[in-house]
1. Averaged across orientations, what area in nm² does the convex hull of the alpha carbons in segment 66-182 project?
2. Which pairs break 23 Å Cα to Cα here: Lys29/Lys195; Lys233/Lys311; Lys29/Lys233; Lys226/Lys386; Lys311/Lys386?
3. Each residue of segment 364-377 in turn: what ³J(HN,Hα) in whole Hz from Karplus with 6.51, -1.76, 1.60 and θ = phi - 60°, glycine and Pro shown as x?
4. Show the residues, 5+ positions off or on another chain, whose built amide H is closer than 5 Å to the amide H of Leu249.
5. When the chain is treated as a GNM, springs tying every alpha-carbon pair under 10 Å, which of Arg113, Arg380, Arg331 comes out with the largest mean-square fluctuation?
6. Under a point-charge model restricted to the Cβ atoms of Lys and Arg (+1) and Asp and Glu (-1), what is the dipole moment magnitude of the chain relative to its Cα centre, in debye to the nearest 20?
7. Modelled label-to-label distance, Glu179 and Leu54, 7 Å Cα→beta-carbon offset: nm?
8. Using every pair of alpha-carbon atoms in segment 1-128, split the distances into 10 Å bins beginning at 0 and state the percent of pairs per bin, rounded to integers.
Amino acid sequence: MAFDLGRFVRFTYLALFRSRGTNYRLTPKRLGLLAAFYVCFPLLELMTWVGFLLDEILFREYRQRQVSQPVFILGNPRSGSTSLHRLMAKDAQNFTTMMTWEIFFAPSITLRRLWRVLAALDSVLGSPIHNVITALEEWWQERNVTHALLLQAPEEDEFVLLHAWSTLAIYLFSAVMDEAQTYTRFDTAMTEVEKRRIMSFYRRCLQRHLYAHRSHLTPGRRYLAKSPALTPKVSTLNEWFPDARFICLVRNPLDVIPSYISVMELQWRTLADPVTPWASRDYVLDMAQHWYTYPLERLRGQPEDRHVFVKYDDLVHDPERTVRGIYHRLRFQVSSEFAHVLHVEAERTRDYRSKHHYSLEQMGLTRDQIIAEYRDVYERFGLDLKEQTG
């Protein structure tokens, strides 16, 4: 079975009976969140797996869809992969990608058709549900400075593995880190049996997506995926998608490390109850080291038109030129429509300033410590050894 019931049971056991003194200790807030989760998640999965079952009855031909030359955007968290993903997703001639609502609420073909019927009915009634969702999204974005989450926006398809209980996100969001390492070092730590189960499920989800959107797909249009959690899966992705293309984002560790620790702190203070401040620091330092170096090792022997490394600063300072460089390297064509989108986006982001603030010193880290630990990354990519960060 694709759903990992064993890990789900273990997660439940740890969360409910082995949490004392951990970063996911059972405070009243945590108990309330767990209660809501164990009500909502089973209902979501019942709906999801009924949809998968109906797909096998009603749309079994989806299995014949070929996932040809998919493009995977990877790299450490906080490295600009979301911006690049959402920008390239606007290139409808070359790419298709999953939206948030498809990932979480309609990974099956059946459910996508059902939700579209319900959306059409809502529109006939004056869009009351749509208006409520829009208001909630606006409320959320005002309070969220780290990652824009919109139902109709492209999102990390790593989250589709939530439906198989097989994603690193489960443990990162919940602070139940006991089993995170097998996902953090997926290629080298996960068993072959587990890889086969997870990747088979993932490929079926991509096939379903391509089938569901088949009427809109032009010849040569590729599937586009983005997730930092793809980074430790490079070899496995190459095995399951032999003609895949990889775009790896690289950002200065002086920015990545404190930024991601800060994000984890926000998440854990919301969804868990850490015993100490900045409790994710050691995990982030270890994870980032592996995720910086592993793609270099695994992609080094690939043909030049199969992979490209992109510096975050180049993407931020000149997105138009940087994306054109990616397309040239991977031999994609820039249509006139997408060329206009690139120009508009370059102008729009020119004055962007992040609202996310953080400090190395707050976290018990120093500039020299970061530079020493990631010396090889600085030398390989010629990154700036700047005096200040945050």
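No value in this document is a laboratory result; all are computed from the given coordinates. Here the structure is a predicted model, which means the values were calculated and not measured. We place every Cβ from the backbone using ideal geometry, glycine too, and count neighbours over all the protein chains shown.
1. One quarter of the hull surface, i.e. the mean projection, equals 9.6 nm².
2. Lys29/Lys195; Lys29/Lys233; Lys226/Lys386
3. Going residue by residue, I get x, 10, 10, 4, 5, 5, 5, 4, 5, 6, 10, 3, 5, 5 Hz, with x marking Gly and Pro.
4. Those qualifying (amide H under 5 Å, at least 5 residues apart or on another chain) are Leu74, Gly75, Val310.
5. Sorting by GNM fluctuation, first place goes to Arg380.
6. Computed charge dipole of the chain: roughly 760 debye.
7. Distance between the two pseudo-spin positions: 3.0 nm.
8. Each 10 Å bin holds this share of Cα pairs: 9, 24, 30, 28, 9, 0.
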